[in-house]
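To keep things clear, I will list the structure first and then write my remarks on it.
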Ligand code: SAM
Ligand code: DTB
Ligand code: SF4
């Protein structure tokens, strides 16, 4: 394979054979590559599986906002911190379906419903009806509702859910510095339940939680060494929300964020790598480098769950200037 001679890291797996046995040293060696070598390798892998000029578009909606019992230090929706956030009970089904229709009309192919829950409780039946309704509109469905039992995962699948989002967020070692109300193993268990119920898995993490490069390597190693790679891997840049314990977290070097995308692409060649939260604080040039590093999915729409996202006009302009098209749009 024509990789740069300066590369010291191992060659990526050929497209036919996905690897699930990455060692920590191998992943760290990828992070240590010269930037250009890493991006070249990531773009080469990317082109073996994907059209490099297409991007999958998802739309997010917060169906239940705030007062979450978990203490995730990055999250504006945790009930443990005082953030300036209007709390909202579970939305009405009709309102969610109206948003889904609008998302479809604006070019989204997947509609992701997020709830600030430790896990589904009261209201779960209503969420199942939302999933049925969104699916009936012809959109791919995704939900992120916290911890699931095996039975809840099966109910979601039966209602027509395609994807379940459940992030591991950081390395197993750094996890307890960020969240104390659940464990890393709890997260892995829910991912297993989702997978066993036949759901596609969306799982990734956040860059900027005060983690070291080795933590980023361990996070990606954990995802890549799952029995099956997550189908979608969202890589979020921390949005520093006032009132959260991480509001003054140290800024991330943009090149280190791009490196994280590139390593995710190399380790998980067939997964969609999503350039997720934090685009509002990124330059167009930084986002372009993320696409070059192998990101091929993004959230579009004015809002993520509670935080701002670039406007649809900005995104249309960015994709147009880069000659990129949403997945599903006509070729010409
Ligand atoms: N409560 C559910 C859970 O934690 O799985 C679903 C909603 S939660 C907000 C979904 C994901 O959003 C988190 O796992 C985290 O990765 C991401 N997230 C939350 N706050 C963020 C922030 N300030 N910056 C970047 N990503 C964030
Ligand atoms: C993911 O990895 N990022 C999205 C989605 N999955 C659910 C959420 C980002 C949330 C950013 C903070 C907010 O809007 O509240
Ligand atoms: Fe709750 Fe999810 Fe926010 Fe954690 S990330 S506080 S679980 S909404």
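The values are calculated or read from the model by the stated rules, or taken from the named source; none is laboratory data. All values derive from a computational prediction rather than experimental measurement. Methodologically, a virtual Cβ is constructed for each residue, glycine included, from the backbone with ideal geometry; neighbour enumeration extends over all protein chains shown.
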> Within segment 273-284, is there a residue that is away from ligand 1 (no atom under 16 Å from the Cβ), under 17 Å from the mean Cα position of the chain (by Cα), in a loop (DSSP other than H, G, I, E, B) and more than 20 Å from residue 220 (Cα to Cα)?
Replying inline: no
> Is there a residue being touching a residue at least 24 places away in the same chain (Cβ under 8 Å), under 13 Å from the mean Cα position of the chain (by Cα) and within 13 Å of ligand 1 (Cβ to nearest atom) anywhere in segment 237-248?
Replying inline: yes
>> Suppose we filter 166, 193 for residues that are crowded, with 16+ Cβ neighbours inside 10 Å, more than 14 Å from ligand 2 (Cβ to nearest atom) and at negative phi; which single one remains?
In response: 193
>> Quick check on residue 182: is it near ligand 1 (Cβ under 10 Å from one of its atoms), at pLDDT 95 or above and closer than 27 Å to residue 293 by Cβ?
In response: no
> Could you list, in sequence order, the residues of segment 220-240 that are under 16 Å from residue 276 (Cα atoms) and either buried (at least 21 other Cβ atoms within 10 Å of the Cβ) or within 16 Å of ligand 3 (Cβ to nearest atom) (or both)?
Replying inline: 220, 230, 232, 233, 234, 235, 236, 237, 238, 239, 240
> Of the residues 88, 140, 98, which single one is within 15 Å of ligand 2 (Cβ to nearest atom), more than 20 Å from the chain's Cα centre (by Cα) and under 25 Å from residue 277 (Cβ atoms)?
Replying inline: 88
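Would you call residue 145 surrounded by fewer than 23 Cβ atoms within 10 Å (Cβ to Cβ) and either within 29 Å of residue 241 (Cβ to Cβ) or away from ligand 2 (no atom under 15 Å from the Cβ) (or both)?
No.
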>> Among the residues in segment 250-273, are any at pLDDT 95 or above, within 16 Å of ligand 3 (Cβ to nearest atom) and buried (at least 22 other Cβ atoms within 10 Å of the Cβ)?
In response: no
> Of the residues 227, 214, 256, which single one is over 18 Å from the mean Cα position of the chain (by Cα), in a helix (DSSP H, G or I) and farther than 17 Å from residue 304 by Cβ?
Replying inline: 214
> Taking segment 305-323 as the region of interest, how many residues are buried (at least 17 other Cβ atoms within 10 Å of the Cβ), in a loop (DSSP other than H, G, I, E, B) and either in contact with a helix residue (DSSP H, G or I) (Cβ under 9 Å, 6 or more places away or on another chain) or modelled with pLDDT under 90 (or both)?
Replying inline: 2
> Looking at (1) away from ligand 2 (no atom under 14 Å from the Cβ); (2) under 22 Å from residue 33 (Cα atoms), which is the only condition residue 273 fails?
Replying inline: (1)
>> Quick check on segment 223-236: of everything there that is within 14 Å of ligand 1 (Cβ to nearest atom) and in contact with a helix residue (DSSP H, G or I) (Cβ under 8 Å, 6 or more places away or on another chain), which residue is nearest to residue 28 (Cα to Cα)?
In response: 223
> Can you name the residue in segment 79-129 that is within 15 Å of ligand 1 (Cβ to nearest atom) and assigned to a helix (DSSP H, G or I) and is also surrounded by the most Cβ atoms within 10 Å (Cβ to Cβ) among such residues?
Replying inline: 127
